[in-house]
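The values are calculated or read from the model by the stated rules, or taken from the named source; none is laboratory data. Remember, it's a predicted structure, so these values are computed and weren't measured experimentally. Virtual Cβ from ideal backbone geometry, glycine too; neighbours counted across all protein chains shown.
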Amino acid sequence: MGKTSKDKRDIYYRKAKEEGWRARSAFKLLQIDSECHIFDGVSKAVDLCAAPGSWSQVLARKLTENYKKALEKGPAPKPKIVAVDLQAMAPLEGVIQLQGDITNSSTAEQIIAHFDNSRADLVVCDGAPDVTGLHDMDIFIQSQLLLAALNIATYILRSGGTFVAKIFRAKDVSFLYAQLRIFFPYVYCTKPSSSRNSSIEAFVVCKDYSQPEGYEPNMLNPWMMEESWDFDKLTGVNRTIVPFVVCGDLNQPDSDMSYPLNYDGKEYKYHEPVQAPIAPPYAEALLMNRKRAEKSASTSNENNVDVDLNALD
Ligand code: SAM
């Protein structure tokens with residue numbers, strides 16, 4: 001494949017290079033803004049899952065424009081942008097960079113620390129897992145990234161602020177919408193034209209952040225992963241985010257692996273199932289197979305008799 005073949009196939013890839021964006025994703029954020037005006041009045045923003053940094057570039061450019069416009073009217077707050085990713089990012093002017101996992105409370109705490117006594121107007125998250133190829137697993141990890149981003153947003157977003165995040169429009173997407181609606185009265189699902197039609201990716205634009213009465217942002221253990229977690233610690237509206245709970249000792253066998261028959265040192269012995277299925281859905285197929293086998297056995301017996309009779313002649 002030649003150097004230019006990707007340029008020929010993907011207009012946004014080509015345009016990104018022409019216009020100096022680090023990735024074609026820049027156009028997604030720009031197109032979301034052209035429809036939903038997410039940068040209006042924004043001076044502080046957080047870019048979650050930011051590498052290689054094209055959304056941060058867009059933020060830097062838009063917030064600088066806002067700053068210059070605001071200065072014409074009088075003193076204005078300087079733009080502040082914090083970008084986070086698992087991967088290291090090349091430096092970007094005007095962008096504070098953190099390397100870490102947004103589902104980790106320590107990363108979330110570092111982001112929150114940068115917003116000491118102040119809050120962001122906008123939190124964006126373009127988080128995507130490394131695709132495993134297991135469709136359900138990829139969708140699940142994506143939804144965890146979205147919820148981790150939302151959890152961080154509940155700490156750092158000002159009242160009335162905006163949250164934009166990638167979402168996979170899969171089977172149970174309405175559950176995610178329902179969770180977002182707890183915090184935002186306006187939740188839209190957008191699909192920028194630069195996002196491939198073949199992809200289930202879309203973006204939620206959530207406006208007018210409003211913390212539910214009695215809700216306390218909680219980084220103690222956002223996904224309740226620890227064994228000793230006390231379920232009753234969260235009450236009322238604070239229990240509305242559905243936790244993901246890992247059960248069982250991690251040293252126990254992994255249900256996705258194959259093990260040798262004598263793996264735990266005991267001699268293997270076959271055991272019949274304790275209770276065979278009473279009316280399994282595959283019973284009819286088994287019956288048809290048995291009949292077919294009986295029929296072909298009886299046909300071959302008849303042929304054998306013929307052969308024997310012929311032999312007698
Ligand atoms: N918006 C970026 C841009 O315009 O350059 C592109 C983001 S890329 C599609 C998705 C990013 O999510 C990857 O860089 C990946 O490292 C990051 N990511 C995935 N899981 C993450 C996690 N748990 N914490 C932080 N970053 C994560």
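Hey, can you tell me all the residues within region 114-124 that are within 16 Å of the ligand (Cβ to nearest atom) and either buried (at least 21 other Cβ atoms within 10 Å of the Cβ) or part of a loop (DSSP other than H, G, I, E, B) (or both)?
LEU122, VAL123, VAL124
Restricting to region 81-97, give me the number of residues that are surrounded by fewer than 18 Cβ atoms within 10 Å (Cβ to Cβ), more than 15 Å from ARG22 (Cβ to Cβ) and more than 9 Å from the ligand (Cβ to nearest atom).
Count: 1.
Please verify whether region 256-267 includes one or more residues that are surrounded by 13 or more Cβ atoms within 10 Å (Cβ to Cβ), at pLDDT 75 or above and not hydroxyl-bearing (Ser, Thr, Tyr).
Scanning region 256-267 turns up no residue that is surrounded by 13 or more Cβ atoms within 10 Å (Cβ to Cβ), at pLDDT 75 or above and not hydroxyl-bearing (Ser, Thr, Tyr).
Can you list residue pairs whose Cβ atoms sit under 9 Å apart, with the first residue in region 34-55 being farther than 15 Å from ALA153 by Cβ and the second being away from the ligand (no atom under 15 Å from the Cβ) and aromatic (Phe, Trp, Tyr)? Count only pairs 6 or more apart in sequence or on different chains.
The qualifying pairs are GLU35/TYR188; CYS36/TYR188; SER43/TYR67.
In region 25-55, what count of residues is obtained for those that are more than 8 Å from the ligand (Cβ to nearest atom) and in a loop (DSSP other than H, G, I, E, B)?
So the count comes out to 7.
Please go through (1) surrounded by fewer than 18 Cβ atoms within 10 Å (Cβ to Cβ); (2) under 22 Å from LEU146 (Cα atoms); (3) touching a Pro at 6+ places or on another chain (Cβ under 8 Å) for THR64 and return the number of the only condition it doesn't satisfy.
Every condition holds for THR64 apart from (2).
Could you give every pair whose Cβ atoms fall below 9 Å, whose first residue belongs to region 104-116 and is more than 10 Å from TYR155 (Cα to Cα) and modelled with pLDDT of 85 or more, and whose second residue is among the charged types (D, E, K, R) and crowded, with 18+ Cβ neighbours inside 10 Å, counting only separations of at least 6 or pairs across chains?
Within 9 Å, the pairs are HIS114/LYS80.
For (1) away from the ligand (no atom under 14 Å from the Cβ); (2) modelled with pLDDT of 90 or more; (3) in contact with a helix residue (DSSP H, G or I) (Cβ under 8 Å, 6 or more places away or on another chain), each residue gets a yes or a no:
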{"position": "ASP126", "(1), (2), (3)": "no, yes, yes"}
{"position": "PRO129", "(1), (2), (3)": "no, no, yes"}
{"position": "GLY133", "(1), (2), (3)": "yes, no, no"}
{"position": "SER143", "(1), (2), (3)": "no, yes, yes"}
{"position": "ALA149", "(1), (2), (3)": "no, yes, no"}
{"position": "ILE152", "(1), (2), (3)": "no, yes, yes"}
{"position": "ILE156", "(1), (2), (3)": "yes, yes, yes"}
{"position": "PHE163", "(1), (2), (3)": "yes, yes, yes"}
{"position": "PHE168", "(1), (2), (3)": "no, yes, yes"}
